[in-house]
Amino acid sequence: MSLPSPSSSDAVVAVNGLSRHFGAKAALQEVSLYVPRGSVFGLMGENGAGKTTLIKHLLGLLRPEKGTVRVFGLDPTVDTVAVLGRLGYLSESRDLPAWMRINELLRYTAGFYPKWDHAYAESLRHQFGLRPSSRVRTLSKGEQAKLGLLVALAYRPELLLLDEPSSGLDPLVRHDILEAIIRAVAEEGRTVLFSSHLLDEVERVSDHLTMLHQGRVVFSGPLDQVKQSHRRLIIHFDTAQVAPPRLEGALSVSGGGREWKVVCAGLNLATAVHAAHLGGVIVDEQSATLDEIFVARAAKGAVS
Amino acid sequence: MQLQISTSDGVPIYQQIVNQVRYLIAAGRLKPGEELPPIRVLAEQLTVNPNTVARAYLELERAGAVTKRHGAGTYVSEARQALPQREKTKILARRVDALLADARHLEVELNELIKLLRERDAVMQPEVKP
Amino acid sequence: MTAAPALRSGWTIARSMWQVRQPAFLALVLAPLLYGWFLHMTPASVLSRETSTTLGSLLMGLSLFLTFVCCNFTENDRRERLDGFPARLFTLPVATGILVAAPLLFSALAIGVIYVAWARLALPATGQSLPLAWPLLYLITGILCYQSAVWTLARWRAARLIVLGTGGTLLAVGWLALLPEFERDLASSLVDAGWPLHRLICTTLLAAGIGAWAIAQVVVGRQRRGELIRWSELLPAAFRRHEPSGDAHAGRTVLERLSDLLARRRGSMRTPAQAQCWFEWRRHGSLLPLTTGAVLVLIMAPAPFSAPLSAEITGIALCWMIALPLLLAFVLGKGFGKADLWSKEPGPSLFHATRPLSVSERIGAKLKAAALATVSTWGLLLPATALWLWLWCDWPALLQQWRESAADSPNEFSLGSAVMAMAILILCTWRFLIGSLYLGMSAKPWLMNLAGCGVFLSIFAPLLGTIPQLQERLQSFLFPPAWFRWLLIGLFAAKVGAAAALTIYARRQRFVKTRAVMRYIALWLLLTTLMIVMVRPLVPLEFTAVGWNKRLFTIFALFFVPLLRISYAPIALGRSRRG
């Protein structure tokens, strides 16, 4: 299931049929997605699903083998400077120059962006509790993440690309970072694309959600649509089932004995009929949590 | 205004906000005429998408629980609008189901349960203002 | 801990050292045998005694150097970002003494075996007989000090680099002091005074070796217990960093304030080009004046104690001082194109790669930083040299010699020609810095390693001049044939053509803008014209007598400013960024 593609003026990022191999391994296969302006776009996927590769394509650091990538309507590998000047990026490994001091780093980065807002950067720095004279290498992991976010936010970019912004951080720092991102989103017209494993965050903050599995798009759409269309059923069988029952339309089946939990992507009517065939009845039906959707999709790898 | 958002509830986040605001109004912790926090502030506080908060506020306005004054914020409605009966029963039905399941598990009779309800209501009486 | 398990653990560690570099060690041990066999097989007419002696010494020196490199018993600790004693061994139930002793003994054994192999198996074929006792002591002390320095200074990479560099140089030439000829010729005064020089040096070496072992033991023990030595403990209180009491005033040490002053930009950087130029200067460019200054201090240090220096020594020292920036620029230039010289990764970090900076701006920033480095280095060198000359050298004698030479050939020894020669040297420094930009920009480690080998070989190349057969061939170069000139012109035309083709390709791939290309072409034209104008009057008359006339030198001047390599640089950078 995927969004009907919006017109190119709406989509800040338009990826169409992107494929990329690294040697024999297919990192991305026929990936298409459109990020509407002003939305918060969540990217889910297990490690190695291709999230970072996709983001690198958006930055112009990788050239697509097949398909096209357009950011702000421009090709990032050709108009690199124009694209990079309008987006802010926070990499998974932060990668800030370890030898610089914070005030040096801010002065250095400010030179690249004419729209750098010094007052805003200063207020962010104060809020994050970063001392201007400390060297980046002496900062803790959380402080480095906050600094990276500060550097990406200070010039108010139109698009924010965040690769696992909260990975490896304690809850306090995670809260600070999320807060800063939401504040940025609340301002007009800013678009955020972020990839994360922390499904709790993804669910709270995203408007749209895409899941990648083994380089393919498993589903892509508005968050509530995704959640509504994935149902979690609890089926109670008359007789204890020895093996997991194979039900039509089921993405994953787990449980034991007489009660089994089934996650399916819509089509629960067919599932109910099939279950009745096998002697089971649906006792509970709810929209599945993102966690269950992720596990069901990642394990099975069905393409919808 | 303290709200608790849980993502494992199965209930959409905006719906949770709506439900909790309504409960706060019903319990008297939000007075009529009191201002609700702006969308941005609440979004930052709860760390949820501002659109979700906006949607919740819209729902509340549609249900009549709050009124939006043009450019001046969102306020709790003066007259407490009655929720449709169906809504009320739906909200309470889940709680009752959980309560009954617990009672059954603990082998407490229905009569005893009703007696307990009456006792607890009596204790709670002074808190809920008429 | 009983002896047997301790020995076993030590044996395991040593064996792991061997296994890690097994092919290298095997090659090093087999090399002298192969060389001995090779000498045995070739008849004496092909290879004269001198040649084989030189070659043998060269190869022995090389293999000893490689043994040092291979016995580097360290591991990279990613979290602490240092290359030190392998931290994973600390968790083994083995005493620190064994942990330290095993690699040290292995290294000592390795260097001993290799030296003995060369001294007794390979070189005797040419009739050289090398002593065993004191070279072994010298080499073993050297390798112990080397290992100890590597482990002790693991946290301070800059200091370690300096110490290893100085130590390495000392090691390479210090053995001359132990030769009997040295005692006879140069230190005769000391020997006459009754000082047993040889014995003194050997005792010092022994003490140094034991001291190095002890230091290694202590330092590795401290590292194991997590007691890290901090700078601040060693310095007096005034230099220590104060913990800031509040947010308002962050305490800074005196050194930090100084370094801030040196590379500080008070104002904001307005354009990307300015910002990147600051970065390049801070990270790469400032290295040249700093290292030049450091070595200059080392050269000038003995002067106050033996003033006034004779004209001869002054002359030699002056030559070295003038050559210093060129040598350093040559070495530094190989890595100048890297996105960050100090990082281990060949390519730019994600932070640098995602700055909105075009390829031409990146290259432009490097060119400007190189120019800044050149100007500051020479701006430091010339006044310092002048001061040194005036204070501690016998400059009236030098001036007299100059006047005498000027009387003979006024053209070549005039003030103007001196100024022009200086200008050519300055240009040469800049040229060395930027000539190999494409190496660092390509982000290909094998290419950079190849260049490193090239540098290494070029240092040893002049030694080839001692081989008599080659000397005859070199003589013939003094009389170039008539067509040589046309060959050079043809090469130049080919170079221009290739550069144009590369530039057109780069334009089509949108790596460079036409304006940047035009700017560099203008720069090239200006500098080449300058070179040609300056070279012509400087060609000495003796050269023209042997056929190297001014025209040839003019054509050589055309090749001076890099064109082809610079036109390849944007392609190397663009392709490495695009993945």
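The values are calculated or read from the model by the stated rules, or taken from the named source; none is laboratory data. Remember, predicted model here, so these are calculated numbers, not experimental data. Neighbour counts are summed over all protein chains in view; Cβ atoms, including those assigned to glycine, are modelled from backbone coordinates with ideal geometry.
Summary of values
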| quantity | calculated |
| --- | --- |
| For A:PHE237: the one exception among (1) modelled with pLDDT of 85 or more; (2) surrounded by fewer than 23 Cβ atoms within 10 Å (Cβ to Cβ); (3) not charged (D, E, K, R) | (1) |
| From A:GLU158, A:GLU164, residue being more than 10 Å from every other protein chain (Cβ to nearest Cβ), surrounded by fewer than 20 Cβ atoms within 10 Å (Cβ to Cβ) and of a type in the set (Asp, Glu) | A:GLU158 |
| Counted residues, the range A:268-291 - those being within 14 Å of another protein chain (Cβ to nearest Cβ) and in contact with a His (Cβ under 8 Å, 6 or more places away or on another chain) | 3 |
| Candidates A:VAL31, A:VAL83, A:VAL40 - the one that is within 14 Å of chain C (Cβ to nearest Cβ) and surrounded by 16 or more Cβ atoms within 10 Å (Cβ to Cβ) | A:VAL83 |
| Residue count for the range A:1-21, restricted to those that are modelled with pLDDT under 90 and either farther than 17 Å from A:PRO76 by Cβ or touching a His at 6+ places or on another chain (Cβ under 6 Å) (or both) | 9 |
| Pairs, first in the same structural domain as C:TYR146 (by TED's automatic domain parsing) in the range C:57-75, second at pLDDT below 85 and assigned to a strand (DSSP E or B), C-beta under 7 Å, six or more apart | C:THR74/C:ASP83; C:THR74/C:GLY84 |
| Qualifying residue in the range A:206-216 (condition: free of Cβ contacts under 8 Å to residues at least 40 places away in the same chain and basic (Lys, Arg)) | no |
| Condition met for C:ALA125 (assigned to a helix (DSSP H, G or I) and surrounded by fewer than 20 Cβ atoms within 10 Å (Cβ to Cβ)) | yes |
| Residue, nearest to the other protein chains (Cβ to nearest Cβ), within the range B:49-63, restricted to residues that are under 14 Å from the mean Cα position of the chain (by Cα) and among the small types (Gly, Ala, Ser) | B:ALA56 |
| Meets criteria (in contact (Cβ under 8 Å) with a residue 40 or more places away in the chain, away from chain A (no Cβ under 14 Å) and part of a loop (DSSP other than H, G, I, E, B)) for C:PRO356 | no |
| Filter pass, C:PHE511 being in contact with a Phe, Trp or Tyr (Cβ under 9 Å, 6 or more places away or on another chain) and surrounded by fewer than 17 Cβ atoms within 10 Å (Cβ to Cβ) | no |
| Any hit, the range C:357-365, residues being on the phi < 0 side of the Ramachandran plot, touching a helix residue (DSSP H, G or I) at 6+ places or on another chain (Cβ under 6 Å) and of a type in the set (Lys, Arg) | no |
| Selected residue (criterion: nearest to A:VAL185 (Cα to Cα)) from residues of the range B:33-60 that are in contact with a helix residue (DSSP H, G or I) (Cβ under 8 Å, 6 or more places away or on another chain) and outside any helix (DSSP H, G or I) | B:ASN49 |
| Every residue from the range A:99-110 that is surrounded by fewer than 20 Cβ atoms within 10 Å (Cβ to Cβ) and at the interface with chain C (Cβ under 8 Å from one of its Cβ atoms) | A:TRP99 |
| Breaking point among (1) charged (D, E, K, R); (2) at pLDDT 85 or above; (3) exposed (fewer than 13 other Cβ atoms within 10 Å of the Cβ), for B:ARG95 | (2) |
| Any hit, the range C:509-521, residues being on the phi > 0 side of the Ramachandran plot, more than 33 Å from the chain's Cα centre (by Cα) and assigned to a loop (DSSP other than H, G, I, E, B) | yes |
| Residue in the range C:276-290 that is away from chain A (no Cβ under 14 Å), closer than 19 Å to C:SER376 by Cα and either surrounded by fewer than 20 Cβ atoms within 10 Å (Cβ to Cβ) or hydrophobic (A, V, I, L, M, F, W, C) (or both) present | yes |
| Single residue of C:ALA353, C:ALA339, C:ALA373, C:ALA365 found to be closer than 30 Å to A:ASP95 by Cβ, touching a Gly at 6+ places or on another chain (Cβ under 6 Å) and either among the aliphatic types (A, V, I, L, M) or not assigned by TED's automatic domain parsing to the domain that holds C:TYR568 (or both) | C:ALA373 |
| Some residue of the range B:36-57 being at positive phi and either at pLDDT below 85 or surrounded by fewer than 16 Cβ atoms within 10 Å (Cβ to Cβ) (or both) | no |
| Neighbours by Cβ (under 8 Å, 6+ apart or cross-chain): first from the range C:209-223, closer than 13 Å to C:ILE143 by Cα; second of a type in the set (Phe, Trp, Tyr) | C:ALA216/C:TRP151 |
| Checklist (1) buried (at least 16 other Cβ atoms within 10 Å of the Cβ); (2) within 12 Å of another protein chain (Cβ to nearest Cβ); (3) at pLDDT 85 or above applied to B:VAL11, failing item | (3) |
| Residue check, C:ALA370 aliphatic (A, V, I, L, M), more than 10 Å from chain A (Cβ to nearest Cβ) and buried (at least 22 other Cβ atoms within 10 Å of the Cβ) | yes |
| Any hit, the range A:44-56, residues being facing another protein chain (nearest Cβ under 10 Å), over 30 Å from B:ASN51 (Cβ atoms) and surrounded by fewer than 22 Cβ atoms within 10 Å (Cβ to Cβ) | no |
